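The values are calculated or read from the model by the stated rules, or taken from the named source; none is laboratory data. Remember, it's a predicted structure, so these values are computed and weren't measured experimentally. Neighbour counts run over all protein chains shown; Cβ positions are idealised from the backbone, glycine included. Keep in mind that these areas ignore ligands, DNA and RNA; they rest on the heavy atoms of the full protein, side chains included. Shrake-Rupley method; radii C 1.70, N 1.55, O 1.52, S 1.80 Å.
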Amino acid sequence: TFDILMRYIFSILILKIVIHRHRVLSIVIIIFGFLLLLPADFLLINSKPEIEMGTTLSYVGILFFRAIFIPLSDTLCKQLFADNYILPQNLMFSKGIMELLIIIILTPTLFFSFGLKWEISFGTENIITIIIYTLAASVKAYFLLKIIYHFSSQSVSFLVISESVTGSINEIIDFIKDPDKEATDIILLILELIGILIIAFATLLYDEVIIINKWKLNE
């Protein structure tokens with residue numbers, strides 16, 4: 001949710017997009033969906049004795065930075081596309097070179113600083129997995145840049161929330177298989193899914209994929 005909201009905020013501040021009535025409504029709906037989602041998630045996590053709440057919240061705190069910097073990066077990419085007429089494939093190649101240099105410098109520094117053990121094996125399965133993952137990640141990154149290029153950095157929002165939808169569906173399937181499930185957990189899972197679907201609807205409304213022809217929301 002923060003990833004999506006930060007995309008909208010950066011688009012307003014950096015890209016100077018016009019705020020129409022349907023976009024204001026969309027942001028309000030997203031906040032409502034988040035307020036529905038947050039307690040359901042919190043209570044679901046708290047009901048699992050194997051999960052430490054403190055560690056989980058610390059992890060969420062670290063991920064919070066991701067929800068700021070990735071939307072900022074995508075917004076700046078859109079600005080480059082619009083102002084400097086850079087093509088997605090050229091930007092992707094430049095980003096790849098820069099990230100490669102960062103990895104070359106950072107990896108050995110962290111490795112020797114923390115005295116890590118070398119636990120990587122290069123078996124056939126590992127090599128095949130690395131190749132498939134690298135190709136899949138490349139295709140995903142290219143499509144994301146194409147979406148930003150042709151539409152906007154906010155248009156990625158629906159893809160972001162789609163990951164949560166699939167995660168919730170997976171949780172529901174696992175839950176159905178669990179013989180020790182409780183009625184309370186079923187209610188919380190349903191609330192979680194409703195919250196995510198509300199946010200998904202709001203992102204489609206924001207990007208004008210869904211248009212409401214009432215109350216001047218179609219202007």
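So the values come out like this:
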{"read-out": "For Val209: the one exception among (1) in contact (Cβ under 8 Å) with a residue 12 or more places away in the chain; (2) part of a helix (DSSP H, G or I); (3) of a type in the set (A, V, I, L, M); (4) open to solvent by 40 Å² or more (accessible area, probe 1.4 Å)", "value": "(2)"}
{"read-out": "Leu144, sole failed condition from (1) open to solvent by 70 Å² or more (accessible area, probe 1.4 Å); (2) out of contact with any Phe, Trp or Tyr (no Cβ under 9 Å at 6 or more places or on another chain); (3) part of a helix (DSSP H, G or I)", "value": "(1)"}
{"read-out": "Among (1) within 20 Å of Ser157 (Cβ to Cβ); (2) in a helix (DSSP H, G or I), the one test that Leu15 misses", "value": "(2)"}
{"read-out": "Residues within region 31-63 that are of a type in the set (Phe, Trp, Tyr) and free of Cβ contacts under 8 Å to residues at least 40 places away in the same chain, tallied", "value": "2"}
{"read-out": "Number of the exception - Leu37 against (1) at pLDDT 85 or above; (2) closer than 20 Å to Ile4 by Cβ", "value": "(1)"}
{"read-out": "Residues that are closer than 26 Å to Val156 by Cβ, among the hydrophobic types (A, V, I, L, M, F, W, C) and surrounded by fewer than 13 Cβ atoms within 10 Å (Cβ to Cβ), drawn from region 167-185", "value": "Ile169"}
{"read-out": "Residue satisfying condition, being in a helix (DSSP H, G or I) and surrounded by 13 or more Cβ atoms within 10 Å (Cβ to Cβ), within set Ser164, Ser138", "value": "Ser164"}
{"read-out": "Complete set of residues in region 186-206 that are open to solvent by 30 Å² or more (accessible area, probe 1.4 Å) and touching a residue at least 24 places away in the same chain (Cβ under 8 Å)", "value": "Leu191, Leu193, Ile194, Leu197, Ile198, Phe201, Leu204"}
